[in-house]
Amino acid sequence: MMKKGLVLEGGAMRGLFTAGILDVFMKNGIIFDGVIGVSAGAVFGCNYKSHQIGRVLRYNTRFARYPEYCSLRSLITTGDLYGKQFCYVDVPERLEPFDTETFIKDPSSFWAVATDCETGEAEYRDLRHLRNEEMDFMQASASMPVASTPVEIDGRHFLDGGISDPIPLKAFEERGYERNVVVLTQPEDYVKKPQKMMGLMSAALRKYPKVAEVMRIRHDIYNQEREYVRERAAENKAYLIYPPEKLPIGRISHEPRDMRRVYDIGYAEGLKHLEAVREFLKGNE
């Protein structure tokens, strides 16, 4: 039987658009054999496998103004804009518990993407329980350069998966997923431009020159992957969902009202595409 996949782009707080779509899918019984997420696509997308409708919006709006969640103070004192202890321990374990047991029991696979700091290449991991080193890999997937300290796992260091493979459709196809829904967080006509202040970026990444090299061509990688997903959609091998226009939020936000607005846009798009997604996933069955 043809394996059905869900591919989730990152984009930090733009990921609330994706969260709205995923809540529609969960409420309406849309099921995939596997999910792959990058950065916010991973951190938010894991709630699809744990079946926690509304959790992404709840914890983001609840903790939006907590300095230990996301702040310049956190960046200065810990090296991470998004505090590791608060985001990856306190929230999932106590404050807005992540349903690990449901995540484990759900039969679908869940993949995250991070960038190996030594090679500058993407690494893909099938996360089974989101504990210990798996949670570290999840953190790595969303660790933006300069705004985060590279995450060490078994002596290796990792950063944001969006650096090396921002829309991992091809990688998922290579893993056997032949019919994929792809959720993007930039509108259909978006074209990524070269990284600004590349000199500062290179200085910040001086310990990891391969990552700096990839950052210089990141816009080309991204635009090529956007073209690939469009080609696959034209061949009816992928179904694409874009925001209808540029989302009214930055990569970072401390405003719950803006977060809810972006979530609501995603929810509306999820409803709009729902029946078409059902038909696409049926394929030739």
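General remarks:
- Y82 exposes around 50 Å² of accessible area when a 1.4 Å probe is run over every protein chain in place.
- Restricting the chymotrypsin sites (Phe, Trp or Tyr not before Pro) of segment 129-230 to loop positions (DSSP other than H, G, I, E, B) with no more than 16 neighbouring Cβ atoms within 10 Å leaves Y190.
- Given +1 at the Cβ of Lys and Arg, -1 at the Cβ of Asp and Glu and no other charges, the dipole of segment 45-118 around its Cα centre is 360 debye to the nearest 20.
- Sorting the Cα pairs of segment 201-249 by distance into bins of 5 Å, from 0 upward, gives 5, 18, 14, 14, 16, 14, 12, 6, 1 percent per bin.
- 26 Å Cα-Cα reach of K237 towards lysines, excluding residues that sit fewer than 8 places from it in its own chain: K3, K4, K27, K49, K170, K192, K246, K272, K282
- For segment 92-162, applying the loop criterion from DSSP together with a ceiling of 15 other beta carbons within 10 Å to the GluC sites (Glu not before Pro) yields E118, E121.
- Spatial separation of Cα centroids for segment 246-285 and segment 1-31, in angstrom: 8 Å
- Once the Cα-Cα distance is subtracted from the 0.36 nm per residue extended length, the R261 to V89 segment shows a gain of 59.2 nm.
- Ranking of K282, K272 by solvent-accessible surface, largest first: K272, K282 (1.4 Å probe, protein heavy atoms only, all chains present).
- For the chain: Kirkwood Rh in Å [reciprocal of mean 1/r, alpha carbons]: 18.8 Å
- Solvent-accessible area of D116 with every protein chain in place, 1.4 Å probe, in Å² to the nearest 10: 10 Å²
- Take the Cα of E152, step 7 Å toward its Cβ, do the same at K27, and the gap between the two points is 4.5 nm.
- Cα-derived Rg to Rh of segment 58-173, Kirkwood definition: 0.97
- Cα centroid separation, segment 208-241 to segment 33-47 (Å): 17 Å
- Portion, in percent, of the accessible area of segment 44-149 that falls on carbon or sulfur, probe 1.4 Å: 52 percent
- With every protein chain in place, segment 212-258: carbon and sulfur % of accessible area (1.4 Å): 47 percent
- Accessible area per residue for the chain is 46 Å², calculated with a 1.4 Å probe on protein heavy atoms, without ligands, DNA or RNA.
- With both labels modelled 7 Å from their Cα along Cα-to-Cβ, the E245 to E227 distance reads 2.9 nm.
The values are calculated or read from the model by the stated rules, or taken from the named source; none is laboratory data. Not measured: the values here are computed from a predicted model. For neighbour counting, all protein chains shown are included, and Cβ atoms are generated from backbone atoms with ideal geometry for every residue, glycine included. We work out accessible area using only protein heavy atoms, side chains counted, and drop any ligands, DNA or RNA first. Shrake-Rupley method; radii C 1.70, N 1.55, O 1.52, S 1.80 Å.
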